[in-house]
Amino acid sequence: MATATHAAIDNTFDDPGRRAPLITGKHDYTSVTNLVCALAERRQPPLAWYVAFGISSTVAAMFFGLIGYLIVTGVGVWGNNAPVFWAFDIVNFVFWVGIGHAGTLISAILFLFRQNWRTSINRFAEAMTIFAVICAAIFPGIHVGRVWFAYWLAPYPAQHLEMWPNFRSPLLWDVFAVNTYASISALFWYMGMIPDFATLRDRATTKWRQLAFGIAALGWNGSARHWMRYEKAYMLLAALATPLVLSVHSVVSFDFAVSQVPGWHTTIFPPYFVAGAVFGGFAMVILLIVPARQWFGLKDLVTLRHLENMNKILLATGTMVGFAYAIEFFIAWYGGNAYERFAFINRALGPYAWSYWTMIACNLGASQFLWLKKVRTTPWMMLIVAAAVTVGMWFERFVIIVTSLSRDFLPSSWGFYKPTAIDLLMLTGSFGLFFTMFLLFVRFLPMVAMAEVKSVMPHGHEKPQQQPAEVRGSII
């Protein structure tokens, strides 16, 4: 039955006159609830989950161990030198902040534009945003060197400080921008899960689960008044979160754009960084959601239509990023600034040329395969493209930061940066932390927004008295 259903959906993609459905299979409200709640309610998760969690948690533990080693020993364990004072630490920070942008785009902007195809994937994206921002926030904190004095960065009144935080510094702008983004994103994520928490509370078979989900559900009972207030609050948070897609990574780009360093001092950085962040974020969503739909039996809820739409956005933003690459070279030539021209020529032909062409091949080359419908609708093919884009977006940040710092105005100040084993292991460890948090999320919380999925089902707009009694409190 399942094979025939998915074969029919594949045929729908070949028919230009029909739009593929958002939900496949013969599902009703009860079956959707059972499917989504299955993993969270199991006493023992699948063996594959234990294997994945064991690997990721071990890598995450190594990450925290290396952070402790860095604090005790000093930032000299990194390969940072003069003039490359920023290296893997800030590269990783910008990379992880960018990864979180797809969550806000999918959840907030597509919600405001009433794009119903977001309903099965928004929970993945929202969770990814929170975990990526947590990973990002670690690196500036340990980059300051004397971590135990990091609170000096906060603008609090104190007489013993000889220097106050400079509010004109873009580094302080980052603090406010990223904290605001993390707060709104976390609240938006939690708000969307309240109806699903109530469903898990009502289905709980143990007292501790009933208590935990009962507290999380905030007394939700599915009444019309609760739905009215929920929808107003959700709409308000979506409206607040939408400008953050543009503002947060624009502020991060100001770290570079307001400087005088050749290769950084450019007005294209804010839109360039935003497009790149959405590009890399969608690639990470695809990397997470394609295996999840396979391993957890979510193919009926996360269909090929969802995946193809995400790949179309990946293609669009990838083309924007490629255009930005070309514009950088054009402006460097058109502006007549010899230092600017040298900075971009050095990227393509200098000692770090290998990283530049890796970036071009992964971001611009790999994404162009998405023009082919077969690539956009074949899971293993889109996984390869998404993995290439993720690698390419990390190298983009490496190219921007390291190549510009290593070749400054004067040859006498040039230097070559080479990462140490600690640099490479901490990058790997940040991925371990990210996947550890994501695996805990899929184990204990609903991966799909049940209430929103039910609202887009063919019978999702029936009157309350026509709905099954056991799930009446968890649908719109």
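General remarks:
- Note: relative contact order over the stretch 273-388, using C-alpha pairs below 8 Å and six or more positions apart, is 38 percent.
- The packing ranking of peptides 313-323, 44-54, 109-119, 280-290, highest mean first, is 280-290, 313-323, 109-119, 44-54, where packing means the average number of other beta carbon atoms within 10 angstrom of each residue.
- Rg over Rh [alpha-carbon atoms, Kirkwood Rh] for the stretch 338-407: 1.12
- Within the stretch 254-318, trypsin sites (Lys or Arg not before Pro) in DSSP loop having at most 15 other beta-carbon neighbours inside 10 Å: none
- Shape call, the stretch 322-443: gyration tensor on alpha carbons, a/c limit 1.5: oblate
- Within the stretch 225-342, the ratio Rg/Rh, alpha carbon atoms throughout and Rh by Kirkwood, equals 1.13.
- Tilt relative to the chain, helix 170-203 - C-alpha long axis, 0 to 90 degrees, to 10: 20 degrees
- Charge dipole magnitude, Cβ of K and R +1, D and E -1 - the stretch 320-410, Cα centre, debye nearest 20: 360 debye
- Extension gain from N179 to W333, taking 0.36 nm per residue of separation minus the Cα-Cα distance: 51.7 nm
- Unit charges at the beta carbon, dipole of the chain: most positive-side option, V453, F113, W394: V453
- Helical contribution to [θ] at 222 nm, DSSP H n ≥ 4, -39,500 (n - 2.57), averaged over the chain, rounded to 500: -21500 deg cm²/dmol
- Fraction in percent of alpha-carbon pairs per bin - 5 Å, the stretch 403-449: 5, 16, 13, 10, 11, 11, 9, 7, 7, 5, 4, 1
- Cα-based helix-to-principal-axis angle, 224-257 vs the chain, degrees rounded to 10: 20 degrees
- Cβ-based charge dipole, the chain, positive-most Cα from V375, I138, W96: V375
- Flagged links, alpha-carbon separation over 25 Å, of K207/K299; K26/K373; K299/K454: K207/K299; K26/K373
- Theoretical FRET efficiency, 1/(1+(r/R0)^6), r = Cβ-Cβ of A137 and D28, R0 45 Å, to 0.05: 0.60
- Size of electric dipole in the stretch 48-189: Cβ of Lys, Arg +1 and of Asp, Glu -1, about Cα centre, debye, nearest 20: 320 debye
- Paramagnetic label reach from T206 (point 7 Å along Cα→Cβ; backbone nitrogen cut-off under 14 Å): within the stretch 27-56, residues 40-45.
- Principal semi-axes of the equivalent ellipsoid, √(5λ) from the alpha carbon gyration tensor of the chain, are 41, 27, 21 Å from largest down.
- Reachable lysines from K374, criterion Cα separation under 16 angstrom, eight or more residues apart if same chain: K312
- Once the Cβ-Cβ distance of W380 and K312 is raised to the sixth power relative to R0 = 22 Å, the FRET efficiency obtained is 0.75.
- Per-peptide average of other Cβ atoms within 10 Å, ordering 406-418, 429-441 highest first: 429-441, 406-418
- Only Lys, Arg (+1) and Asp, Glu (-1) charged, at Cβ; the chain dipole about Cα centre in debye: 1020 debye
- Simple rule: put +1 on each Lys or Arg Cβ and -1 on each Asp or Glu Cβ in the stretch 219-344, find the dipole, and look at P243, A275, A332; the Cα lying farthest toward the positive end is P243.
A short reminder: the numbers here are calculations on the coordinates, not readings from a lab. Remember, predicted model here, so these are calculated numbers, not experimental data. We place every Cβ from the backbone using ideal geometry, glycine too, and count neighbours over all the protein chains shown.
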